[in-house]
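The values are calculated or read from the model by the stated rules, or taken from the named source; none is laboratory data. Bear in mind the structure is a predicted one, so any value in this text is a computation, not a measurement. Cβ atoms come from the backbone with ideal geometry, glycine included; neighbour counts cover every protein chain shown. Quick note on the areas: whole protein, heavy atoms, side chains included, nothing else; ligands and nucleic acids left out. Shrake-Rupley method; radii C 1.70, N 1.55, O 1.52, S 1.80 Å.
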Amino acid sequence: MHGGPKATGRRRRARRTAALAALVLAPWVGRAAPFRVDLDVQPSAIAVGQSAQLRFVVHDRSDAPPPEWPAIEGLDIRPAGQTREHAWRNGQRSEAVIYAFRVAARAPGVYEIAPRSYRIDGTPVPVAPVTLRVLHADSDGGGSDGDSGPPRLRARLSLDRDAYYVQETFAVIIELAHREMNLDARVGLDGLTAGGIEWGRFQELAGSRTRIDGTLYDVRRFRARARGLAPGRHTLAPTLEVAERVRARGRAPVDGMPPMFDDFFGGRVERRPHRVAVEPQTLEIRPLPEEDRPAEFSGAVGRFAFEVEADREETRVGEPVALRMIVEGEGNPDLVRAPPIEAGDAFRVYEPRLVERDIDAARGSGRKVFEAVLVPRAEAVDGIPPIVFAWFDPQAGEYRRVARGPLPLRVLPADEQPGDVVRGAPTPPDPDAAVARDLRYLKPPPTRWRGPAAATGMGRLLQMALDVAPLIAAVALMLAGHRRERLEQDTAFARRVRAPRVARRALREARAAAGAGDGTAFLEACWGAVADYFGNRLNLPPGEVTPGRVLEAVRTAGLATERAAEMRDRFRRWEDWRFGGGDPAEALAEADATLEAVRLFLRESERLRWR
């Protein structure tokens, strides 16, 4: 009939196994369900020169191909990356593939964007187009959607002069001002031509807050060193590329989970790209003047100091004298060459060689040391003749010439060889005297031999210390090398180590400003001490260090409430003095108390347990 109890048990186990398999495989069965495609562009209105982000999302089909876009006159569409998302909703597993594109606007107008015929497995898939509105460049300064107030983004390039000389090093500062925006730390730079100008790397400086046309902006500043290579006029018109971090629109949270898990699994923050054009500036590179150019000039441009040293003031004919020539200053020290040595026939001069080079390209300063060897040919030498170094001072617009010397040098006759002069027949040696002289070098025998066990306690400690010293030295060298390697490779660790040092330097600047009666510089230095410390301690970009961020960090780390409240009040007073129309000179009345409060605040912050 049914096979008895054993067969019934097998059928029951088979049904349970099938039910379990259906439960496990249920999330994947949904893959056969129809997929859908979404197309979105954010922001939907931008200005000429700015960018929007185009997202093409295919749900429930992870192997979907990327779309192809038709050529649209006035727009430039380029790929910006591909991501995948996975989520669980009501026990069902869903996935999506997202293709991101950057849409750059070149001309105003209203554009409909849709891919060419999109197919999956040969089947056409309808995709609804999206509309992008592009305004004139002066209609919206920051790509804000519907913001009719002051522009949210502004950029400015500043130079201290509008004309420089060939090989003169000068600073270029770009300021990015933004309001009510959470910008990404990365900033791109496009359109800065390098023809005829040599550019260094841009470095971000400490951020600040300032009022522009009555509106308070957060300002990020970037500085680079540049150098003109050839005469001519140049137009600087760069464009900054920044990304605004905004919460994604229209994304449903994961069922049953708080938003923080939704952020972790799916990400609810997206980056909106913006392009900010910088007002063009014309720069002239002038040739170096031919008039009054010294014969010793070899191309040094800037401000330099020159010194010469000799290793001795007395020598003999034929014996060398080492001459050190030291050049240091600001400008183009990397191109500085050794000055010529005009010593005439009195010396034999060997070609100078570079023995020391310390160049700081970021600051445009450095030091070079050259060494030359001079050999006097005769006794009739009064000294080492003057050595001249010449350079061009672009600030004054004229050549500088410095002579060092003559250096004192007395030349004696050459040494006579011992075998050249015969003073008479030598006296025969006395054999007994020779034996006595030999015996004088013999050491007497010890009175009593002592073994290792007879060593004193201090001697044993000394011997143990000598035995262990190489091991301690090796461990110390290993730890020092490990620390140096970590400082070179771990930027966050290097900044944490540097934080107290830069804060102390800023506090010294604040004390000097208070002594000089400069209230504005005093307040900037006080805030600089706080911003530099926490920017390095928390590894934050300069533009992200704000009073609110600092107070939130120290409260989270466990700073005492009364200390945090005191610093909050001080920050508010600083903001009022700096930006609210108050008189910064009033801060000098409590300069000592302010410096002590900042010092204690930073010292207590250093002792906190940072996560």
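Test of understanding: among Val349, Val336, which residue is touching a residue at least 24 places away in the same chain (Cβ under 8 Å), under 30 Å from Glu204 (Cα atoms) and either of a type in the set (A, V, I, L, M, F, W, C) or open to solvent by 50 Å² or more (accessible area, probe 1.4 Å) (or both)? Please lay out each step first, then the result.
Numbers: Val349 fails: under 30 Å from Glu204 (Cα atoms).
Result of the check over Val349, Val336: Val336.
Identify the single condition in (1) within 14 Å of Glu168 (Cα to Cα); (2) modelled with pLDDT of 90 or more; (3) buried (at least 19 other Cβ atoms within 10 Å of the Cβ) that Gly364 does not satisfy, given that it satisfies every other one.
Condition (2) is where Gly364 drops out.
Having 2 or more residues that are open to solvent by 40 Å² or more (accessible area, probe 1.4 Å) and closer than 19 Å to Thr210 by Cα is the bar; report the helices (runs of 4 or more DSSP H) wholly within segment 486-571 that clear it. Write out each step before concluding.
Details: elements: 491-516, 519-537, 547-557.
It comes to 519-537, 547-557.
Considering only residues that are part of a loop (DSSP other than H, G, I, E, B) and closer than 23 Å to Arg286 by Cβ, which ones fall in segment 382-406?
Initially, segment 382-406 is screened for residues part of a loop (DSSP other than H, G, I, E, B), giving 382, 385-386, 394-397, 405-406.
Result: Pro394, Gln395, Ala396, Gly397.
Being at pLDDT 90 or above, more than 15 Å from Pro70 (Cα to Cα) and among the β-branched types (Val, Ile, Thr) is the filter here; which residues of segment 99-130 pass it?
Result: Val110, single match.
For segment 148-220, please list each of the strands (runs of 3 or more DSSP E) lying entirely inside it that holds at least 1 residues being under 21 Å from the mean Cα position of the chain (by Cα) and over 26 Å from Trp574 (Cα atoms). Quick ask: steps written out before the conclusion?
Details: elements: 153-158, 163-165, 169-178, 188-190, 197-199, 208-212.
In segment 148-220, 153-158, 169-178, 188-190, 197-199 are the strands (runs of 3 or more DSSP E) which contain 1 or more residues that are under 21 Å from the mean Cα position of the chain (by Cα) and over 26 Å from Trp574 (Cα atoms).
Just to be sure, is Asp262 at pLDDT 85 or above and either part of a strand (DSSP E or B) or surrounded by 15 or more Cβ atoms within 10 Å (Cβ to Cβ) (or both)?
Values: at pLDDT 85 or above: no; either part of a strand (DSSP E or B) or surrounded by 15 or more Cβ atoms within 10 Å (Cβ to Cβ) (or both): yes.
For Asp262, the condition - at pLDDT 85 or above and either part of a strand (DSSP E or B) or surrounded by 15 or more Cβ atoms within 10 Å (Cβ to Cβ) (or both) - is not met.
Tell me the residue from Ala52, Ala71, Ala47 that is modelled with pLDDT of 65 or more, within 30 Å of Val278 (Cα to Cα) and open to solvent by 60 Å² or more (accessible area, probe 1.4 Å), please. Steps first, please.
Numbers: Ala52 fails: open to solvent by 60 Å² or more (accessible area, probe 1.4 Å); Ala47 fails: open to solvent by 60 Å² or more (accessible area, probe 1.4 Å).
Selected residue: Ala71, the only one of Ala52, Ala71, Ala47 that is modelled with pLDDT of 65 or more, within 30 Å of Val278 (Cα to Cα) and open to solvent by 60 Å² or more (accessible area, probe 1.4 Å).
Give the residues of segment 348-366 that are closer than 15 Å to Gly302 by Cβ and touching a Lys or Arg at 6+ places or on another chain (Cβ under 6 Å), sorted by residue number.
Gly364
Show me the strands (runs of 3 or more DSSP E) found entirely inside segment 292-366 where at least 3 residues are of a type in the set (A, V, I, L, M, F, W, C). Walk me through it before giving the result.
Details: elements: 297-310, 314-316, 321-331, 347-349, 353-360.
Correct list: 297-310, 321-331, 353-360.
Check segment 473-484 and report whether any residue there is modelled with pLDDT of 85 or more, open to solvent by 50 Å² or more (accessible area, probe 1.4 Å) and among the charged types (D, E, K, R).
Checked against the condition, which is being modelled with pLDDT of 85 or more, open to solvent by 50 Å² or more (accessible area, probe 1.4 Å) and among the charged types (D, E, K, R), segment 473-484 yields no hits at all.
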